[in-house]
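Visitor: A single structure is presented below for examination.
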Protein chains: 2
Amino acid sequence: MSAPIRLAVIGMGKIAHDQHLPAIAADPDFQLVATVSRHGGPVDDLPFFPNIEALIESGLAVDAVALCTPPQVRRAIAATALAQGWHVFLEKPPGATLAEVVTLEEAARATGASLFASWHSRYAKGVEPARAWLADRRIDSATVTWREDVRVWHPGQEWIWAAGGFGVFDPGINALSIVTRILPRPFFLTEAALDVPSNRQAPIAARLQFRDTAGVAIAADFDFRQEGPQHWDIVVETDRGPLRLADGGATLTLPDGSVPTAAEGLHGEYPGLYARFAAVIRAGTSDVDVAPLRHVADAFLLGHRNLVEPFVE
Amino acid sequence: MSAPIRLAVIGMGKIAHDQHLPAIAADPDFQLVATVSRHGGPVDDLPFFPNIEALIESGLAVDAVALCTPPQVRRAIAATALAQGWHVFLEKPPGATLAEVVTLEEAARATGASLFASWHSRYAKGVEPARAWLADRRIDSATVTWREDVRVWHPGQEWIWAAGGFGVFDPGINALSIVTRILPRPFFLTEAALDVPSNRQAPIAARLQFRDTAGVAIAADFDFRQEGPQHWDIVVETDRGPLRLADGGATLTLPDGSVPTAAEGLHGEYPGLYARFAAVIRAGTSDVDVAPLRHVADAFLLGHRNLVEPFVE
């Protein structure tokens, strides 16, 4: 086994503490060597810096960084890290725009560093078994239902409603990251309706129609107004019956009612992401699939906007 | 010289008659062998078909097609043509969504046919000389002003105001196709304001801020409400003074006041496009640069929408 990858985590918010630090601690491929944040303080007495420039000036030996900052400031930090030759893990979405992701891909190619655009939902337990099972099937249609209560899951997140905040596409892009992974053919948007509260910039609900290159219809229903039971479900109708992926990709049920177990070694979304990041670095490659973000941009480009009642939290 | 490329033109609207047919007639690399259109009739007594399926059934020998249909139906026709192994010329924009263009690129790779996403403004006379001159310069900023009277230039074009119709980005994408060609570094959107008439889906005006990867600011001002003098201008400030590209790319003025002439053999936008299409086919490659469309999608994704007064033609 190679020496551990010396990693700094940048942007010490909730996702860094809840998901990144435990996954890194459990992964022998990585050694956490520093944290960087505008707020807060050191983690586990490790070196702590207010920004990436201070980390660079310190001369600390770093191989890679994980960026958990908001998308608005992520590109500049990623570009700075890549210019150091550091490998970069981008939280989702990989950018505020598609064009900025292209610039990061070019920067990674120029320096030989690895760039990893992470999609955590792709590492939910049911996703890879679903992909493998669907690979051989005739697919007749797919339906995505992603309905959650924004007041429960995104309390006080004013940024989500601003221009560029994605609205219901903030969770919806997770669904798109799964569907683009499990379906065997690429697909494209043909129709979209976006419900936008009259006092907000971003949609509170979206209904999307896609077709794949064989003409198969894929429908998505994203809604932030769901009270009561919450839904993060994907159903794929096939010649063998329906495949059901529930709980955001965690629970796969095949048409015969069986629930396949995940492959050995995959123990959750963030451990899966870090295993992939290590593999990408060891292979000297990058892994940047912009397909989920491209579908969101297409939805904003093509979507018909309906003004709906104001959203007040 | 190789045998002429046997070409069918599909979608016989105004752009086909005004621009494509004269450019094809003047280019010895191409031989027009058929036209295809839901409306109208034959051109010059050549075979005429109501749709691409009828063209295929006829068994007529065709090497390539030029698609001048509206973007909404273009992908299906392009996919059908590529499946025949025919080379495909796409009018701008290359698709109604970014994802569908990706599917066409994959189809072209699979069949070995050439796919050409055309951007006619890139073949305006001043564009290549501007690109060459800027390649060696320090660039300090760039300003794009694209202001035209929609009532003069787009009379009765209701589709331009519908969802997916692009609004002021229909001409604005021409500006973006030039700027992405002449500037030496890629750039990305950082801020966008879109003015949308309260009775329409698409913006009537847009103000965009970009940065290139060296931090250079690029500003764009698109407006459909321009009365009096019309503006299709790009000014690039450099260490040698301002480069000015006016008249939609046709007129280049260097800081010393000189007006370079175009290279030999380039006699206008559509002749330039067809020369490029022939070169791409002869080389067995494709030429699909989605950058202008990607910037438009980014503007819809990131843009702050301001409702403005209704537009009544």
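The values are calculated or read from the model by the stated rules, or taken from the named source; none is laboratory data. Fair warning: this is a prediction, and the values are worked out from it, not measured in the lab. When we count neighbours, we look across all protein chains shown, and the Cβ atoms used for this are built from the backbone with ideal geometry, even at glycine.
Visitor: Restricting to segment B:105-119, name every residue that is over 17 Å from the mean Cα position of the chain (by Cα) and of a type outside the set (D, E, K, R).
Guide: B:107, B:108, B:110, B:111, B:112, B:113, B:114
Visitor: Output the number of the condition that residue A:66 fails; it satisfies all remaining conditions of (1) buried (at least 23 other Cβ atoms within 10 Å of the Cβ); (2) within 14 Å of chain B (Cβ to nearest Cβ); (3) farther than 17 Å from residue A:176 by Cα; (4) among the small types (Gly, Ala, Ser).
Guide: So residue A:66 meets the others, but not (2).
Visitor: Okay, next question. Considering only helices (runs of 4 or more DSSP H) fully contained in segment B:95-163, which possess at least 3 residues that are within 14 Å of another protein chain (Cβ to nearest Cβ), buried (at least 21 other Cβ atoms within 10 Å of the Cβ) and in contact with a Ser or Thr (Cβ under 6 Å, 6 or more places away or on another chain)?
Guide: none
Visitor: While we're here: So which of B:221, B:298, B:256, B:289 ends up being within 30 Å of residue B:201 (Cβ to Cβ) and either modelled with pLDDT under 95 or away from chain A (no Cβ under 14 Å) (or both)?
Guide: B:221
Visitor: Also, I was wondering about something else. Taking residue B:43 as the residue in question, decide whether it is surrounded by 17 or more Cβ atoms within 10 Å (Cβ to Cβ), within 20 Å of residue B:272 (Cα to Cα) and touching a Ser or Thr at 6+ places or on another chain (Cβ under 8 Å).
Guide: On the way: surrounded by 17 or more Cβ atoms within 10 Å (Cβ to Cβ): yes; within 20 Å of residue B:272 (Cα to Cα): no; touching a Ser or Thr at 6+ places or on another chain (Cβ under 8 Å): yes.
When the stated conditions are applied, residue B:43 does not pass them.
Visitor: Here are A:106, A:100, A:57: which of them is under 29 Å from residue A:182 (Cβ atoms) and modelled with pLDDT of 95 or more?
Guide: Result of the check over A:106, A:100, A:57: A:100.
Visitor: Filter segment B:164-176 for residues that are within 14 Å of chain A (Cβ to nearest Cβ) and within 27 Å of residue B:241 (Cβ to Cβ) and give the result.
Guide: B:172, B:176
Visitor: Here is a further query. Under 7 Å between Cβ atoms, which residue pairs at least 6 apart in sequence (or on different chains) link something in segment B:214-226 that is surrounded by fewer than 19 Cβ atoms within 10 Å (Cβ to Cβ) with a partner that is in a loop (DSSP other than H, G, I, E, B)?
Guide: B:214/B:185; B:225/B:204; B:226/B:148
Visitor: Find the residue count for segment B:5-30, including only residues that are touching a Phe, Trp or Tyr at 6+ places or on another chain (Cβ under 6 Å) and either over 18 Å from residue B:114 (Cα atoms) or surrounded by fewer than 17 Cβ atoms within 10 Å (Cβ to Cβ) (or both). Outline the logic, then answer.
Guide: Quick first cut of segment B:5-30, residues touching a Phe, Trp or Tyr at 6+ places or on another chain (Cβ under 6 Å) only: B:5, B:7, B:19, B:23-24, B:27.
Filter again for either over 18 Å from residue B:114 (Cα atoms) or surrounded by fewer than 17 Cβ atoms within 10 Å (Cβ to Cβ) (or both), leaving B:19, B:23, B:27.
The number of residues fulfilling the criteria is 3.
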